[in-house]
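Please treat every number below as a calculation from the coordinates, not as lab data. It should be emphasised that the depicted structure is a prediction, and the values quoted were computed from it without experimental measurement. Positions of Cβ are backbone-derived with ideal geometry, glycine not excepted, and every protein chain shown enters the neighbour counts.
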Ligand SMILES: NC(=O)c1ccc[n+]([C@@H]2O[C@H](COP(=O)([O-])OP(=O)(O)OC[C@H]3O[C@@H](n4cnc5c(N)ncnc54)[C@H](OP(=O)(O)O)[C@@H]3O)[C@@H](O)[C@H]2O)c1
């Protein structure tokens, strides 16, 4: 994944990955960097970001909580994306319904959904370059449910609705400076995702 691709299909593009320090987000960071993109990885923990920057030289990093209201402005100030991937999410609290407090049940709403909402709102109000693509990473659970993970499946389904609403709200201004918001399921591998993205750009 770390080897530079010969074609470098994302050369000249700016890619921002929210939740880029591990898991799927880290794979997207590695895949887009290998395709020649200028990549900014965002996460809360500085140490894992420092480790990432050492592992993949050239990748820029920013430590912040992406669920904070001011996060999108800080991120866009550091790098204005052509592709923004909102991949960060909380680990759902796994327990039967009767054992879930509201705080545990709603965990993914206050992280995954909140980050998707804040970044979609910012994408619609801060003028991003024409053709900017925003990807919200959802889950197969959004379609099939996930009985032991509380509000997780509903939160991931809401990310799909959010992408649809944001897409519609950006439509009248698509010709000038507004972004395209899409939702991606976890079933798609990071590499396949990049293949499709590179073809679409
Ligand atoms: N793994 C799966 O099997 C699976 C299946 C279906 C869908 N998904 C979805 O795919 C996405 C990625 O999952 P994953 O398993 O790769 O996650 P992961 O390994 O837990 O990584 C989460 C990433 O997001 C960052 N993060 C979390 N909360 C954040 C916040 N408030 N602000 C900034 N960064 C934050 C984490 O770093 P810090 O903790 O340092 O902030 C980390 O870089 C999630 O949306 C998840 O719902 C995953």
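If you take the square roots of the eigenvalues of the alpha-carbon gyration tensor of the range 1-64 and sort them as a ≥ b ≥ c, do you get rounded (a/c under 1.5), prolate (a/b over b/c) or oblate?
Details: a/c = 2.08, a/b = 1.78, b/c = 1.17.
Prolate is the answer for the range 1-64, as a/c is 1.5 or above and a/b outweighs b/c.
Where a ≥ b ≥ c are the square roots of the eigenvalues of the C-alpha gyration tensor, would you call the range 1-153 rounded, which needs a/c under 1.5, or, failing that, prolate if a/b is larger than b/c, or oblate?
prolate
Looking at the square roots a ≥ b ≥ c of the eigenvalues of the Cα gyration tensor of the range 46-107, which shape do they give, rounded for a/c under 1.5, prolate if a/b is larger than b/c, or oblate? Don't skip to the answer; put the middle values down first.
Working: a/c = 3.05, a/b = 1.92, b/c = 1.59.
Taking the square roots of the gyration eigenvalues as a ≥ b ≥ c, the range 46-107 is prolate.
Restricting to Cα pairs below 8 Å that are 6+ residues apart, what does the relative contact order work out to for the range 10-196? Please round to a whole percent. The partial results should precede the final answer.
Details: 374 pairs, mean separation 38.6, N = 187.
Rounded, it is 21 percent for the range 10-196.
Based on other C-beta atoms within 10 Å, arrange 65, 82, 112 from fewest to most.
Numbers: 65 13, 82 22, 112 28.
So the residues, fewest neighbours to most, are 65, 82, 112.
Arrange the following residues from fewest to most other Cβ atoms within 10 Å of their Cβ: 133, 125. Kindly include the intermediate steps, with their values, before the conclusion.
Details: 133 20, 125 10.
Listed from fewest to most nearby Cβ atoms, that is 125, 133.
Arranged by the count of other C-beta atoms within 10 angstrom, fewest first, what order do 115, 94 take?
By the 10 Å Cβ count, ascending, the order reads 94, 115.
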